[in-house]
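Beneath this line is the structure, given in structure tokens, with notes to follow.
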Amino acid sequence: MMKKKVFALVAAAACVSSFAFATPQTQFEQGQWQLDLGAWNPKAEVDSGDIYGTGGDVSTDTKWNFQGGLGYAFTNRLALQYNYYGLKTDGSNETAGIGTDGDEHEVNLVYSLNKNFAVYAGWNRIKNDLDGANWSDTNNVAQIGLIAKAPLAKNLDFYAKGAVGTKSTALWEAGLGYTIGDNWDISAGYRYLNTKLADGGDVIDGVKLHDDTNITYKGFIAGVSYRFGGGHKEAPAPEPVYTPAPEPAPVVETPAPAPRNDYYFESIHFGFDEDQPLPSEQQKLENFVATAKANPTDTFKLVGNTDSKGTNAYNEGLSQRRVDNVAAYAESKGVPASQMKLEYKGDTDPVATNATAAGRADNRRVDIWQNK
């Protein structure tokens, strides 16, 4: 009976090192906050042979724990994030009702590589408190990790992440995230963690451990994320200043100018998730520059577009970068910025279906209109 009780205590003492928001983010908006709330339902397992050399695994019952976090984006690539996880499990019939009653706090710096990948590094403080035994310990873990996301359908992403850390810590998690509007995400996945429980020579409830002992935590995890703030507010318009109306000037009859209209000129195309034109579009760019310089009184409207892959917010930014790069090329060749008007439409104005690769290729474009 004593051995079974000690098995239960060891199996329940999971120490966890992790990076997980309700939906892991790989891209940020400067000045934006993210609040995460959720729950996970882990069980703990340990190889009893690590203690007694008898072989066989023992485990605790699962228990729902609160998990939450708060993050802030310093720039469009760098964010600081805090996470909390409860580390509570119930004892099984085998473990005579003994579980754990600890918690975990972690702080990570996260750096976005692109919309699909981010890396992170930070510190993790994990308190292991064995409920019903004379054992409590706190691990301080330094960790590094990688986050990956890939779109499966509009607003639906597959995500995965993994990390390694001190105290023999390793983890992975994978699941699905769904975007609800621009500011809300929900997710569900499975999480696996393995880390050191105790060193060889430690005594747990009167039993001396022969070797270093690791423990595994694994279970279902789900949550919701809300993002707020960010962006740049426009300065308020100045208060109107009253000035008396000037004396009317004599009316001089002049002929009305001929009406001007926008005429479609050309479309510059781009590769998937690229903001520089395809090499095959070089002749179109040179034709645009030559026409603009030959017609200095005409203005040209540049309208950026994307396919439907990715979130609305990301696609709006991608269409802006595409337009800005075409305009920058024209300026470098002598076209004044005042001759160009820039607009960004993201994925809201497709010219072809987004259900096929060919259609999405047609939608990755900057349309040029000539006003004359």
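The values are calculated or read from the model by the stated rules, or taken from the named source; none is laboratory data. Please read all numbers here as calculations on a predicted model, not as lab measurements. No Cβ is skipped: glycine too gets one built from the backbone with ideal geometry, and neighbour counts run over all protein chains shown.
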- What's the number of the condition residue 307 fails, among (1) crowded, with 20+ Cβ neighbours inside 10 Å; (2) touching a strand residue (DSSP E or B) at 6+ places or on another chain (Cβ under 6 Å)? (2)
- Task: State yes or no: is residue 159 closer than 30 Å to residue 312 by Cα, among the hydroxyl-bearing types (Ser, Thr, Tyr), surrounded by fewer than 20 Cβ atoms within 10 Å (Cβ to Cβ) and assigned by TED's automatic domain parsing to the domain that holds residue 108?
- Result: no
- Query: Does residue 169 fit the bill of being surrounded by fewer than 15 Cβ atoms within 10 Å (Cβ to Cβ), touching a strand residue (DSSP E or B) at 6+ places or on another chain (Cβ under 9 Å) and either at pLDDT 90 or above or not aromatic (Phe, Trp, Tyr) (or both)?
  - Reply: no
- Task: Could you check how many residues of segment 105-119 are free of Cβ contacts under 8 Å to residues at least 60 places away in the same chain and touching a Gly at 6+ places or on another chain (Cβ under 9 Å)?
- Result: 3
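So that you can scan it fast, the table gives a plain yes or no per residue for (1) more than 30 Å from residue 113 (Cβ to Cβ); (2) among the β-branched types (Val, Ile, Thr); (3) in contact with a Leu (Cβ under 8 Å, 6 or more places away or on another chain); (4) in the same structural domain as residue 363 (by TED's automatic domain parsing):
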residue	(1), (2), (3), (4)
251	yes, yes, no, no
279	no, no, no, yes
285	no, no, no, yes
289	yes, yes, no, yes
300	yes, no, no, yes
309	no, no, no, yes
313	no, no, no, yes
316	no, no, no, yes
319	no, no, no, yes
- Query: Given 221, 268, 215, 204, which one is modelled with pLDDT of 90 or more, surrounded by 10 or more Cβ atoms within 10 Å (Cβ to Cβ) and outside the structural domain of residue 341 (by TED's automatic domain parsing)?
  - Reply: 221
- The number of residues in segment 336-360 that are more than 17 Å from residue 303 (Cα to Cα) and either acidic (Asp, Glu) or part of a loop (DSSP other than H, G, I, E, B) (or both) is 5
- Note on the structure: Taking segment 328-357 and keeping residues within 28 Å of the chain's Cα centre (by Cα) and of a type in the set (Gly, Ala, Ser) leaves 346, 355, 357
